[in-house]
Structures are given as C-alpha cells and as structure tokens.
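Read through the structure below, which is laid out as structure tokens, and then see the notes.
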Amino acid sequence: MARPDNWEDSEDRLQDCIDHTFANLRETEDYLDEHADEITDDKKQAIEAKNDRRKASIKDLVSEKKDEARR
C-alpha cells in the first residue's frame with residue numbers, strides 16, 4: 001500500500017535543497033576564481049555549464065517553495 005504524501009516539511013526540505021545547491025554554486029565559482037588559469041577550457045566550460053544548471057535549479061526550487069507556502 002502506498003504511503004500518503006506528507007507535505008508538512010516540504011518548505012524546509014526545499015530550503016535545504018536551495019541552500020545546498022547555492023553552496024555548491026559558490027564553491028565552484030570560488031574554485032574558478034582561484035584556479036581558472038590552471039584548468040583546461042573544456043573543464044572550465046563544463047563547470048560553468050553545471051553552474052548554469054544550478055542557477056536554473058535554484059530558480060525552480062524557489063518557485064516551488066513559494067507554491068508550497070501558499071498551500
């Protein structure tokens with residue numbers, strides 16, 4: 001039998017995801033600032049692309065958190 005959905009802590013879980021994703025974003029930006037001249041262009045582009053995806057995820061998570069707050 002399927003368990004019922006529990007939405008009581010969804011805002012907190014979403015905030016945890018936002019915080020974690022933002023921390024990863026900042027960490028890789030700091031890494032690029034310090035080591036950009038030491039890594040290949042391909043690796044730099046891959047990191048920047050991943051950060052672009054992180055930014056999109058943060059935007060989506062914030063939107064979802066706002067939706068949850070309205071429930």
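One table, with the values for the structure above:
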quantity	calculated
Test: residue in segment 51-69 that is among the hydroxyl-bearing types (Ser, Thr, Tyr) and under 26 Å from ASP9 (Cα atoms)	yes
Only one of GLU68, GLU34 that is exposed (fewer than 11 other Cβ atoms within 10 Å of the Cβ) and of a type outside the set (A, V, I, L, M)	GLU34
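Computed from the coordinates by the stated procedures, all read-outs in this text should not be read as laboratory data. Just so you know, these numbers come straight off a predicted model, no measurement behind them. With ideal geometry, Cβ positions are generated from the backbone for all residues, glycine too; neighbour counts draw on all protein chains shown.
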